[in-house]
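Visitor: The following block contains the structure, expressed as structure tokens.
The values are calculated or read from the model by the stated rules, or taken from the named source; none is laboratory data. The model shown is predicted, which means the values in this text are computed figures rather than measured ones. Cβ: placed from backbone, ideal geometry, glycine included. Neighbour counts: every protein chain shown.
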Amino acid sequence: MRADKALACFLSADISRSRLEESFKLGKVLLRGLAIKKNFRLAPGDTLEFVLPEPLPSEVSAADIPIDVIYEDGDIVVVNKPAGMTVHPGSGTGEDTLAHAMMHHTAGNLSLAGGPMRPGIVHRLDKETSGALVMAKTDAAYYRLVEMFSKRELDKEYLALVCGVPSVRGGIINKPISRHPVFRTKMCASNGGEGRDAKTEWRLEKSYGGRAALISCKIYTGRTHQIRVHLSDLGFPILGDYTYRFQKNKMKEIAAPERVMLHAGRLAFFHPIKPEKFIEAVAEPPEDFKNLEKLLEETYEHK
């Protein structure tokens, strides 16, 4: 029997399948101490250990958290999400997500078309990634933005501080991305055609003494961890990205950053409701990103 179906047989009816699904996603279902997938086939005598995440509330409350708003009208709002903030509630989050903050900022005026736990949310940025993110205030804007993202009608540009310096000025990475076969919270680039198509265009913006570089990236697809996976696969992991091959001992002269140094610097698109209006939202990098740029220049540029 599949592991998820076996566990469901032992759980009470008031425990939702989504909570059980989250346990598998978080690697909280163990067989002999190792995390397993939900479709793992159990053998007679197997014993599972698992932890269920706490049930989520049924709606997102407002929280008075300051947010840098880049653009806003009656249909949409574009914000500069700070690093360290989760976009919407999930297992292990509190009432400090971007969704909570924007419920306060808009006085609850966000589209619930994507569900009550994801008010206004059309796309996401990783928790540690900062930068431009658009949210829908009306259902009409939500559905049109979803369509625009699906058809890749938005320009999304990022800045990344990486370890090492490419030998060429730029290029295009066309490698499918799939879930890591062992570590389920990670993604990986595939050489064998498996996974979902992923395309990243990158350009070398600045070199810091041959030790590190500032790279700009334009993504044509929106796969999970896409830029992080592609740059690491290219041989230039993002500073602070310990999940994807960054190592502290590669930058001994400076204190290693505590987070992934990736910033969504520009989001450009035609307005979902007023298509004659073009919006170019430029998000200023946060202080820790700019401070690290300065430190890299001072440490490596003149050596």
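Visitor: On the basis of being farther than 17 Å from Pro285 by Cβ and surrounded by fewer than 19 Cβ atoms within 10 Å (Cβ to Cβ), does Thr200 make the cut?
Guide: Details: farther than 17 Å from Pro285 by Cβ: yes; surrounded by fewer than 19 Cβ atoms within 10 Å (Cβ to Cβ): no.
Judged against the criteria, Thr200 is not a match.
Visitor: Name every residue in the range 163-213 that is basic (Lys, Arg) and over 29 Å from Ser150 (Cα atoms), in order of residue number.
Guide: Passing the criteria: Arg169, Lys206, Arg211.
Visitor: Taking Ile15 and the conditions (1) over 30 Å from Asp139 (Cα atoms); (2) modelled with pLDDT of 90 or more; (3) β-branched (Val, Ile, Thr), which numbered condition does it fall short on, given that it satisfies the others?
Guide: (2)
Visitor: (1) at positive phi; (2) not in a loop (DSSP other than H, G, I, E, B): which one isn't true of Gly240, the others all being true?
Guide: Evaluating Gly240 over (1) at positive phi; (2) not in a loop (DSSP other than H, G, I, E, B) leaves (2) as the failure.
Visitor: Let me ask something additional. Considering each residue of the range 110-148, count those that are within 15 Å of Val78 (Cβ to Cβ) and without any contact (Cβ under 8 Å) to a residue 40 or more places away in the chain, and give that number.
Guide: Qualifying residue count, the range 110-148: 6.
Visitor: Moving to a separate point now. Of all residues being hydroxyl-bearing (Ser, Thr, Tyr) and surrounded by fewer than 22 Cβ atoms within 10 Å (Cβ to Cβ) in the range 73-106, which is farthest from Lys127 (Cα to Cα)? Just the residue, please. Please lay out each step first, then the result.
Guide: Here is the first cut: in the range 73-106, the ones hydroxyl-bearing (Ser, Thr, Tyr) are 86, 91, 93, 97, 106.
Right, trim to surrounded by fewer than 22 Cβ atoms within 10 Å (Cβ to Cβ) and you get 86, 91, 93, 106.
Details: Thr86: 5, Ser91: 13, Thr93: 11, Thr106: 22 Å.
Going through the qualifying residues, I end up with Thr106.
Visitor: Let me ask something additional. Can you confirm whether the range 76-97 contains a residue that is of a type in the set (D, E, K, R), under 19 Å from Leu154 (Cβ atoms), modelled with pLDDT of 95 or more and part of a loop (DSSP other than H, G, I, E, B)? Give the steps one after another, and end with the answer.
Guide: The initial filter retains those residues of the range 76-97 that are of a type in the set (D, E, K, R), namely 81, 95-96.
Now drop any that are not under 19 Å from Leu154 (Cβ atoms), which leaves 81.
With the extra rule that they be modelled with pLDDT of 95 or more, the set shrinks to 81.
With the extra rule that they be part of a loop (DSSP other than H, G, I, E, B), the set shrinks to none.
Scanning the range 76-97, I find no residue that is of a type in the set (D, E, K, R), under 19 Å from Leu154 (Cβ atoms), modelled with pLDDT of 95 or more and part of a loop (DSSP other than H, G, I, E, B), so the answer is no.
Visitor: Still on this structure, I have one more. Condition (residue is over 15 Å from the mean Cα position of the chain (by Cα), outside any strand (DSSP E or B) and either at pLDDT below 95 or not assigned by TED's automatic domain parsing to the domain that holds Thr185 (or both)) applied to the range 125-136: is it met by at least one residue?
Guide: no
Visitor: Shifting gears a bit: Please work out which one of (1) at pLDDT 95 or above; (2) surrounded by fewer than 18 Cβ atoms within 10 Å (Cβ to Cβ) is the condition Ile173 fails and give its number.
Guide: Condition not satisfied by Ile173: (2).
Visitor: I've got another one for you. List pairs: first residue in the range 257-281 and over 12 Å from Leu159 (Cα atoms), second residue among the acidic types (Asp, Glu) and buried (at least 18 other Cβ atoms within 10 Å of the Cβ) anywhere in the structure, Cβ distance under 7 angstrom, at least six positions apart or on different chains.
Guide: Listed pairs, sorted by first residue: Arg259/Glu128; Pro272/Asp75; Ile273/Asp75.
Visitor: Restricting attention to the range 218-234, report how many residues are free of Cβ contacts under 8 Å to residues at least 60 places away in the same chain and in contact with a Gly (Cβ under 9 Å, 6 or more places away or on another chain).
Guide: The qualifying residues number 1.
Visitor: Condition (residue is touching a helix residue (DSSP H, G or I) at 6+ places or on another chain (Cβ under 9 Å), surrounded by 17 or more Cβ atoms within 10 Å (Cβ to Cβ), among the hydrophobic types (A, V, I, L, M, F, W, C) and farther than 30 Å from Glu147 by Cβ) applied to the range 228-239: is it met by at least one residue?
Guide: Yes, that holds for at least one residue.
Visitor: May I ask you to list the residues in the range 250-296 that are of a type in the set (Lys, Arg) and in a helix (DSSP H, G or I)?
Guide: Taking the range 250-296 and keeping what is of a type in the set (Lys, Arg), we get 250, 252, 259, 266, 274, 277, 290, 294.
Within the range 250-296, Lys250, Lys290, Lys294 qualify.
Visitor: Next question. Tally up the residues in the range 137-165 that are in a helix (DSSP H, G or I) and polar (S, T, N, Q), please. Give the steps one after another, and end with the answer.
Guide: Initial filter on the range 137-165 (in a helix (DSSP H, G or I)): 139-150.
In the following step, the residues that additionally are polar (S, T, N, Q) were identified as 150.
Qualifying residue count for the region: 1.
Visitor: Can I ask one more? Kindly evaluate Ala160 against the criterion of being touching a residue at least 40 places away in the same chain (Cβ under 8 Å), under 15 Å from the mean Cα position of the chain (by Cα), in the same structural domain as Thr243 (by TED's automatic domain parsing) and within 30 Å of Met251 (Cβ to Cβ). Spell out the reasoning first.
Guide: On the way: touching a residue at least 40 places away in the same chain (Cβ under 8 Å): yes; under 15 Å from the mean Cα position of the chain (by Cα): yes; in the same structural domain as Thr243 (by TED's automatic domain parsing): yes; within 30 Å of Met251 (Cβ to Cβ): yes.
Spelling it out, Ala160 is indeed touching a residue at least 40 places away in the same chain (Cβ under 8 Å), under 15 Å from the mean Cα position of the chain (by Cα), in the same structural domain as Thr243 (by TED's automatic domain parsing) and within 30 Å of Met251 (Cβ to Cβ).
Visitor: Taking the range 34-49 only, how many residues are closer than 25 Å to Met187 by Cβ and either in the same structural domain as Gly90 (by TED's automatic domain parsing) or without any contact (Cβ under 8 Å) to a residue 12 or more places away in the chain (or both)? Even if it seems obvious, please write down each step before you answer.
Guide: Initial filter on the range 34-49 (closer than 25 Å to Met187 by Cβ): 34-41.
From what's left, either in the same structural domain as Gly90 (by TED's automatic domain parsing) or without any contact (Cβ under 8 Å) to a residue 12 or more places away in the chain (or both): 34.
Residues meeting the conditions: 1.
Visitor: Looking at Ile215, Ile254, Ile238, which is the one that is over 19 Å from the mean Cα position of the chain (by Cα), farther than 28 Å from Ile76 by Cα and touching a residue at least 12 places away in the same chain (Cβ under 8 Å)?
Guide: Numbers: Ile215 fails: over 19 Å from the mean Cα position of the chain (by Cα); Ile238 fails: over 19 Å from the mean Cα position of the chain (by Cα).
Every option except Ile254 fails the conditions.
Visitor: For the list (1) at pLDDT below 95; (2) buried (at least 16 other Cβ atoms within 10 Å of the Cβ), I need the number of the one condition that Gly115 fails.
Guide: (2)
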